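Undergrad: Take this structure, written in structure tokens, and hold onto it; I'll ask about it next.
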Amino acid sequence: GAVVSQHPSWVICKSGTSVKIECRSLDFQATTMFWYRQFPKQSLMLMATSNEGSKATYEQGVEKDKFLINHASLTLSTLTVTSAHPEDSSFYICSAPSGRGRNSPLHFGNGTRLTVT
Amino acid sequence: DAKTTQPPSMDCAEGRAANLPCNHSTISGNEYVYWYRQIHSQGPQYIIHGLKNNETNEMASLIITEDRKSSTLILPHATLRDTAVYYCIVRVRGTASKLTFGTGTRLQVTL
């Protein structure tokens, strides 16, 4: 089945530093990828839609200058949390449609747990 | 996307069928019903989706009412590993269409 790989699975960083999270589609190409964030005991919230070859589309309230998204190829999207602060600590999850047909389901990575100290 | 309503939690005995309901009374004709589950500290896992016909795969069955205003996900023989939060989501047709998650149903499978 379609596999989405995320790296790293967890990261701890100091306040003020930047962290890059990678999302790869392993056996299919994805022109679109989605980035979600999940705080403890809450549901997933869509942050942005990553588009290969064009700018990402951000959801209302998500700072595009803080959460930089680069969809470098048809199999790789990256999310960089710039100048991270403790309130950015969260579970970040990417997803991509598997591409097998117009109604192919989204498949998710296993997430990256970010802790900012 | 149409909103969905699910019970916040359910219990099920291991080996029994787990029937998880979902209301989506404002669903549009071009929206599919998707089910995902999330086991603690993992990314969501796709289970099944459908438009208007009942669907079955190796994981579950999806029963959609004739008026499409509600659906039921059935796990025929629940195991402890099925303990998770189950999300019912309606999604517009198209691969670039996003998923909007609600609060889901926390299913606890017990011995």
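Undergrad: Test A:S90 against the criterion of being surrounded by 20 or more Cβ atoms within 10 Å (Cβ to Cβ), among the polar types (S, T, N, Q) and within 25 Å of B:Y87 (Cα to Cα), and give yes or no.
TA: Numbers: surrounded by 20 or more Cβ atoms within 10 Å (Cβ to Cβ): yes; among the polar types (S, T, N, Q): yes; within 25 Å of B:Y87 (Cα to Cα): yes.
So A:S90 fits the description; yes.
Undergrad: Test B:T110 against the criterion of being more than 13 Å from chain A (Cβ to nearest Cβ) and closer than 15 Å to B:H49 by Cβ, and give yes or no.
TA: Details: more than 13 Å from chain A (Cβ to nearest Cβ): yes; closer than 15 Å to B:H49 by Cβ: no.
No; evaluated as a whole, the condition is false for this residue.
Undergrad: Is it the case that segment B:81-95 has a residue that's surrounded by fewer than 16 Cβ atoms within 10 Å (Cβ to Cβ) and within 8 Å of chain A (Cβ to nearest Cβ)?
TA: Step one: of segment B:81-95, the residues surrounded by fewer than 16 Cβ atoms within 10 Å (Cβ to Cβ) are B:81, B:92-94.
Restricting the remaining residues to those that are within 8 Å of chain A (Cβ to nearest Cβ) gives B:93-94.
Checked against the condition, which is being surrounded by fewer than 16 Cβ atoms within 10 Å (Cβ to Cβ) and within 8 Å of chain A (Cβ to nearest Cβ), segment B:81-95 yields at least one hit.
Undergrad: Return the pair list, or none, for Cβ contacts closer than 8 Å from residues in segment B:39-63 that are away from chain A (no Cβ under 12 Å) and touching a residue at least 24 places away in the same chain (Cβ under 8 Å) to residues that are assigned to a strand (DSSP E or B) and loosely packed, with under 15 Cβ neighbours inside 10 Å, at least 6 apart or on different chains.
TA: Matching pairs, first to second residue: B:L62/B:T56.
Undergrad: Quick check on segment B:41-49. Is at least one of its residues over 11 Å from the mean Cα position of the chain (by Cα) and among the hydrophobic types (A, V, I, L, M, F, W, C)?
TA: No, segment B:41-49 has no match at all.
Undergrad: Right, here's the next one. Tally up the residues in segment A:27-42 that are more than 30 Å from B:P8 (Cβ to Cβ) and facing chain B (nearest Cβ under 8 Å), please.
TA: Looking only at that region, the number is 2.
Undergrad: A further question on this structure: Please give the strands (runs of 3 or more DSSP E) falling wholly within segment A:9-95 in which 3 or more residues are touching a His at 6+ places or on another chain (Cβ under 9 Å). Steps first, please.
TA: Details: elements: A:10-13, A:19-25, A:32-38, A:45-51, A:67-73, A:76-81.
Result: A:19-25.
Undergrad: Can I ask one more? A:N103 versus (1) among the polar types (S, T, N, Q); (2) modelled with pLDDT of 95 or more; (3) assigned to a loop (DSSP other than H, G, I, E, B): which is the lone unmet condition?
TA: Every listed condition holds for A:N103 apart from (2).
Undergrad: Hey, can you tell me all the residues within segment A:64-87 that are surrounded by fewer than 21 Cβ atoms within 10 Å (Cβ to Cβ) and within 14 Å of the chain's Cα centre (by Cα)? Don't jump to the end; show me each part of the working.
TA: Of all residues in segment A:64-87, those surrounded by fewer than 21 Cβ atoms within 10 Å (Cβ to Cβ) come to A:64-68, A:70, A:72-76, A:78, A:80, A:82-83, A:85-87.
Of everything in segment A:64-87, those that are surrounded by fewer than 21 Cβ atoms within 10 Å (Cβ to Cβ) and within 14 Å of the chain's Cα centre (by Cα) turn out to be A:K64, A:K66, A:F67, A:L68, A:N70, A:A72, A:T75, A:L76, A:T78, A:T80, A:T82.
Undergrad: Please go through segment B:80-99 and give me each residue that is at pLDDT below 90 and closer than 15 Å to B:Q38 by Cβ, ordered by number. Before you say what the answer is, go through the steps one by one.
TA: If we filter segment B:80-99 for residues that are at pLDDT below 90, which is where we start, we get B:91-99.
Scanning segment B:80-99 gives a single hit, B:L99.
Undergrad: Hey, another quick one. So for segment B:2-18 (the condition being over 13 Å from the mean Cα position of the chain (by Cα), buried (at least 16 other Cβ atoms within 10 Å of the Cβ), modelled with pLDDT under 95 and of a type in the set (G, A, S)), does at least one residue qualify?
TA: Among the residues of segment B:2-18, at least one is over 13 Å from the mean Cα position of the chain (by Cα), buried (at least 16 other Cβ atoms within 10 Å of the Cβ), modelled with pLDDT under 95 and of a type in the set (G, A, S), which makes the answer yes.
Undergrad: Enumerate the strands (runs of 3 or more DSSP E) found wholly within segment B:1-102, keeping only those where 1 or more residues are within 23 Å of A:C23 (Cα to Cα) and not small (G, A, S).
TA: The strands (runs of 3 or more DSSP E) meeting that bar are B:31-38, B:45-50, B:84-92.
The values are calculated or read from the model by the stated rules, or taken from the named source; none is laboratory data. Just so we're clear, the structure is a prediction, and the values are computed from it rather than from any experiment. As a convention, Cβ positions derive from the backbone with ideal geometry for all residues, glycine included, and neighbour counts pool all protein chains shown.
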